[in-house]
1. For segment 566-636, what does the accessible surface come to per residue with a 1.4 Å probe? Please give it in Å².
2. In the full protein assembly as shown, how much of residue 118 is accessible to a 1.4 Å probe, in Å² to the nearest 10?
3. Using only the heavy atoms of the protein chains and a 1.4 Å probe, how would 400, 523, 613, 89 rank by accessible area, largest first?
4. Using a 1.4 Å probe on the protein chains only, how many percent of the accessible area of segment 514-636 belongs to carbon and sulfur?
5. Any idea of the accessible area per residue across segment 161-220, 1.4 Å probe, to the nearest Å²?
6. Could you tell me the center-to-center distance, by alpha carbons, between segment 428-450 and segment 77-93 in angstrom?
7. Keeping every protein chain in place, order 222, 164 by accessible area at 1.4 Å, biggest value first, i.e. largest first.
8. Cut-off under 29 Å on the C-alpha distance; same-chain residues fewer than 8 positions from residue 76 excluded. Which lysines are left, in chain and number order?
Amino acid sequence: MSTSAPLPPPVSPFSGTPAPSPRGPFVLLNDEPVAESGADLLGVGRAARQLAGLLVASRASTPFTLAVDAGWGMGKSSLMRLVDAELAHAPEVHTVWYNAWTSQGADALEGLIKSVLMRFDRRVLRRALQRISERRALLRAVRAVTTVAAGPLGAAGLVDELWKTLSVNSQARNEMRGAIGELVQEWSQTDDFRPRRLLVVFIDDLDRCPEETVLAVCEAVKVYLDVPGLEFVIGCDRSALAPNGLLRDLSPAASAFMEKIFQTSYRIPVADQQGVRAYIDWCARTVGIDQLLDERLTTMLAERSARNPRRIKRLVNGFVLEATLNPMWDDFAPEAVVRTLLLQYFYPDFYRMVAGAAGSGAGDVIAEFRTYREVRRLLRTPDPIPVAELPTVTRFLREHDLPEQDADGRDATLSRLERQLPSGFPEMVRDQEFTSLIDGLVALPRSEELLRRLREGAELPAAVEPEPAVYVQSLPPRAQPPAGAYGGMPAGAYGAMPAGRAATPRADVAPLRYVRILWVDDHPRNNESLVNAFRAAGAVVRIAEDSAAADAALAVERPTLIVSDIERDGNPREGLEHLARLRRDGRYDGPFVFYAGRVTPERSAVAEELGAHLTSSGPEIELLVLRAAEAERPLP
């Protein structure tokens, strides 16, 4: 959890001297796991000491495998590093680390076995090679003995030679476990045989690997390295390795094999409120934004991040990068960056409306929300509405096509009003962190200019992804796209590759080549990034700027999917009415998606009645297109 050096002040290109800066200096947090107890800010040191004690006390029970189980970013690596540090003080206990993410497929099996063998001294490796050689046919024995006698091989050379000998064919592989068992037994014996040596093998990031790698690592652990003297501690999210996760395509036999891998699991608990708040305070002080987080913002960051340390770090680093690198923020106070990114990160649907989302038509949604909050308060009170407040209520109801008075009373008026408002408003108005966030944003200097820029879509802050995309995991197996197959698709569009791991380009694959999309929108530039991405992935996308053009396109060709806005041609309901005409006349009965910046209960109900989907989310559009592609793809 160390930090980088402070960023140097900006230098004027003319004078060569530091230019004045309205903020900073800021620093960035790294994402390294905790490796020593002094850096343990979330109190996992106690669990690490107890786990280390159990591992040492259980050396007579080897072999066994312990899973350190937690979700993404919840501190698996940190806990394992702290256990490793504790084991350094235990007599005759040795450790080795293997990151499964660094290998692919069958290479993982070889890599793990070699990593374990490298931990033994050369004399043990040399004698093991000699024993194996003596059991083989004469030619192989001569070759191995000659290699051993030819000169003093280092440990790496001996391990390579052992691997070649043990993996040369299926018969040799059948003997591998016994050979490794003999090797470990010899190594583990000490002069007085008390205590026997113990090797603890830490395997990290298994849940970030593809199925082939997961199976190869588990094969190495259970088939070849399951010998006395070895303990395995595997960091993974057990739910990701469940039958409905990464390994959904396993045969019953393979599923039964996977169930035998872990003898026991330790589930890392979520940090308590006090601990995570202290962690946030430390992060904020370290990067230099501690003066920008008040009590409510800290509470929001703790609870809305699900107390996930990595999410907190990524968001804090996002503040720093935005404030430092995006020139938009030169005109605003640093607190504007913090509040805007918190809004984007924790309330993405609301932020999309603020920032002029697809289909636009959202208007000043912050002003609408704040007025709704006041109108809601007035409609819920049993007292008469004050005369001074009545114009606000009347005007707001008229703007949403509602009568000033409802015969059924104020509760009915409020209920009808909320059907015309964005779907999340009733929940958000009760969310004190959200209302505080919005009020603080509006109260900032030059907030009107900031919100105007966001509504116009100019110089939007870079997206801060909370975690790798996972929604594609819910698709059926045939819908799972191969890694790197999407060419120009946006990062994360169909499930993110883990950070730092490059996907293998597959220019020959066009996953959407059977898809024909008709996109109806009178402002097609709003959708250019998605349209271009779908085209790059092989889809045919035809644009229609009004209902008449869409009807003409339908007369020529039936699309796989229609994506449409709602407000166009001067009619706030034109998209809904157009689909109703298509369904009524039998001209199109296929999948239909409304892509709109404003999602309300009324719009959702009408869309559902028409057999359509309504969303304001670009990633959700991507998923729906992918499902449409799956339906169109010919069976092999």
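The values are calculated or read from the model by the stated rules, or taken from the named source; none is laboratory data. Here the structure is a predicted model, which means the values were calculated and not measured. Glycine also receives a Cβ, built like all others from the backbone with ideal geometry; neighbour counts cover every protein chain displayed. To get the accessible areas, we keep the full protein, side chains included, count just its heavy atoms, and leave off ligands, DNA and RNA. Shrake-Rupley method; radii C 1.70, N 1.55, O 1.52, S 1.80 Å.
1. Ligands and nucleic acids excluded, the result is 44 Å² per residue.
2. Looks like 90 Å² after rounding.
3. On the way: 400 20, 523 105, 613 65, 89 150 Å².
From most exposed to least exposed: 89, 523, 613, 400.
4. Accessible surface attributable to carbon and sulfur in segment 514-636 totals 50 percent.
5. It amounts to 42 Å² per residue over segment 161-220.
6. So the two Cα centres are separated by 47 Å.
7. Ranking 222, 164 by accessible area, largest first, yields 164, 222.
8. Straight-distance partners of residue 76: 114, 222, 260, 313.
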